[in-house]
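The values are calculated or read from the model by the stated rules, or taken from the named source; none is laboratory data. Being a predicted model, the structure only gives us computed values, none of them experimental. When we count neighbours, we look across all protein chains shown, and the Cβ atoms used for this are built from the backbone with ideal geometry, even at glycine.
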Amino acid sequence: MPGTTVKTEAIVLRSIRYGEADRILHLYSQTRGRMGAIAKGARKPKSRFGGRLEPFFRLDLVLHEGRSDLLTVTGATTVEGYPRLRSSGAALTAGARACDAVLRLLDSAEPNPPAYNLLCRYLSSLDDPAQARAAGLATALSFRIKLALVAGFSPELSSCARCGEAEHLAGFSGAAGGVVCGGCEAGSFPLNEEAHRFMVEALAKPLDEAPEAGPRALRQVERAVGETLEHHAHVQLRAAA
């Protein structure tokens with residue numbers, strides 16, 4: 001209802017300068033899914049928000065819900081700022097692409113706690129120096145595979161997505177939504193055993209235990225996830241690396 005106060009925890013996915021001193025925020029909320037908000041006066045030197053309305057900040061927010069599509073930020077307290085992430089160019093890039101993936105794929109105002117928790121875990125891994133050094137393309141792709149799962153677009157990996165054959169899986173079809181057998185491989189691309197194994201294990205293992213794979217297999221994995229989302233979610237993600 002108009003004129004209500006909303007309290008929620010959220011991650012800033014994108015922050016855009018607006019007008020002389022305001023910011024428009026794209027948020028992903030723990031309890032309300034995707035949200036848009038305006039923070040009036042946020043860029044003034046003496047703003048009460050300080051610098052916390054920037055991408056990757058995890059915040060406890062108080063917002064005013066009026067007649068506009070944008071909520072108005074009236075209070076913001078930092079839950080986690082991920083300061084070490086911000087000191088690494090590679091971690092910043094990885095975090096930005098993860099937030100962009102959430103922004104493009106999850107556009108509903110319905111809450112999706114698994115998606116929110118997944119993004120929190122990934123940002124935490126990038127903020128941990130020991131994990132960040134190992135958090136390369138394999139971890140980024142594990143994040144994307146898990147994100148596709150919690151968004152409801154996980155590819156079929158156990159049997160042919162067209163006929164159900166469980167053996168002789170030779171390729172991957174984004175249109176079909178998963179692996180395909182030799183008899184159904186028209187329009188697919190080759191998916192080698194290493195890439196297939198990576199995708200299966202990435203879904204089963206915690207994010208900080210991403211499986212290993214060579215460059216060729218990881219390229220196939222990225223293409224498989226990308227084409228699945230293009231065909232079934234109508235979303236095109238930026239390159240993972």
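What the table shows:
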quantity: Residue match in the stretch 115-129 (condition: in contact with a helix residue (DSSP H, G or I) (Cβ under 6 Å, 6 or more places away or on another chain), in the same structural domain as Q220 (by TED's automatic domain parsing) and of a type in the set (S, T, N, Q)); calculated: yes
quantity: Residues of the stretch 66-83 satisfying the condition of being in contact with a Leu (Cβ under 8 Å, 6 or more places away or on another chain) and either of a type in the set (K, R) or in a loop (DSSP other than H, G, I, E, B) (or both); calculated: Y82
quantity: The stretch 33-42, residues that are buried (at least 18 other Cβ atoms within 10 Å of the Cβ) and part of a loop (DSSP other than H, G, I, E, B); calculated: A42
quantity: Boolean, Y28 is modelled with pLDDT under 95, of a type outside the set (K, R) and under 21 Å from A101 (Cβ atoms); calculated: no
quantity: Which numbered condition L27 misses (of (1) crowded, with 20+ Cβ neighbours inside 10 Å; (2) touching a helix residue (DSSP H, G or I) at 6+ places or on another chain (Cβ under 6 Å)); calculated: (2)
quantity: Test: residue in the stretch 125-139 that is at pLDDT 95 or above, touching a Ser or Thr at 6+ places or on another chain (Cβ under 7 Å) and part of a loop (DSSP other than H, G, I, E, B); calculated: no
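Results for (1) touching a Cys at 6+ places or on another chain (Cβ under 7 Å); (2) touching a residue at least 40 places away in the same chain (Cβ under 8 Å); (3) under 19 Å from P83 (Cβ atoms), shown as yes or no for each residue.
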site	(1), (2), (3)
A10	no, yes, yes
K40	no, no, no
E65	no, yes, no
S68	no, no, no
